[in-house]
Amino acid sequence: MSEEATLEHQSDLETAGGPGVMTKAELVDEVARVVGLTKKQAETIVNIVFDSIVDSLRAGQKIELRGFGSFRLRSRKSRTGRNPKTGEKVEVPSKKIPYFKPGKELKELINKVLAESGVGSDEVEEAAGE
């Protein structure tokens with residue numbers, strides 16, 4: 001998709017659902033609509049993409065999607081936490097967590113759309129409930 005088509009597509013999404021959360025089912029519907037597939041075919045594609053990302057992360061690989069961003073694992077150290085109900089100290093083991101870093105092009109596209117619509121980043125965060 002060209003940048004212009006992407007911006008038009010983004011505009012369609014904004015007017016359709018407004019700010020909020022896009023669910024997996026809505027993503028499947030959108031893929032089916034844009035590509036002209038059945039919902040079942042689009043769901044298969046979305047699941048394959050998600051499963052591939054998860055499998056790569058499990059294998060310790062970094063996923064780079066040029067123009068979009070990258071997924072990688074970060075390590076969290078073990079620590080002492082508290083049980084919120086009892087206040088008792090609990091040892092939390094070290095673990096790996098997935099992390100997404102947006103690419104330069106994605107950031108620029110988002111900021112361009114926001115600038116053209118006159119919406120500030122504070123307003124977007126408020127609308128998203130953050």
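The values are calculated or read from the model by the stated rules, or taken from the named source; none is laboratory data. Note that this is a predicted model, so its numbers are computed, not measured. Using ideal geometry, Cβ is built from the backbone for each residue, glycine included, and neighbour counts are taken over all protein chains shown.
I'm checking my understanding of the structure. Among residues of the range 57-86 that are aliphatic (A, V, I, L, M) and out of contact with any helix residue (DSSP H, G or I) (no Cβ under 7 Å at 6 or more places or on another chain), which one is farthest from residue 100 (Cα to Cα)?
Filtering the range 57-86 for residues that are aliphatic (A, V, I, L, M) and out of contact with any helix residue (DSSP H, G or I) (no Cβ under 7 Å at 6 or more places or on another chain), the one farthest from residue 100 (Cα to Cα) comes out as 59.
Among the residues of the range 18-35, is there at least one that is under 24 Å from residue 111 (Cα atoms), at pLDDT below 95 and over 14 Å from the mean Cα position of the chain (by Cα)?
Yes, some residue in the range 18-35 is under 24 Å from residue 111 (Cα atoms), at pLDDT below 95 and over 14 Å from the mean Cα position of the chain (by Cα).
Only one of 52, 78, 70 is of a type in the set (Ser, Thr, Tyr), loosely packed, with under 11 Cβ neighbours inside 10 Å and touching a strand residue (DSSP E or B) at 6+ places or on another chain (Cβ under 9 Å); which?
Exactly one of 52, 78, 70 is of a type in the set (Ser, Thr, Tyr), loosely packed, with under 11 Cβ neighbours inside 10 Å and touching a strand residue (DSSP E or B) at 6+ places or on another chain (Cβ under 9 Å), namely 78.
From the residues in the range 81-110 that are surrounded by 11 or more Cβ atoms within 10 Å (Cβ to Cβ), aliphatic (A, V, I, L, M) and in contact (Cβ under 8 Å) with a residue 12 or more places away in the chain, which one is nearest to residue 51 (Cα to Cα)?
Ranking the candidates gives 106 first.
Sort out which residues of the range 71-117 are over 30 Å from residue 61 (Cβ atoms) and touching a Gly at 6+ places or on another chain (Cβ under 9 Å), and write them in order of number.
Once the filter is applied, which keeps residues that are over 30 Å from residue 61 (Cβ atoms) and touching a Gly at 6+ places or on another chain (Cβ under 9 Å), the range 71-117 yields 89, 90, 114.
Out of (1) within 18 Å of the chain's Cα centre (by Cα); (2) exposed (fewer than 11 other Cβ atoms within 10 Å of the Cβ); (3) modelled with pLDDT under 75; (4) not hydrophobic (A, V, I, L, M, F, W, C), the odd one out for residue 122 is which?
(1)
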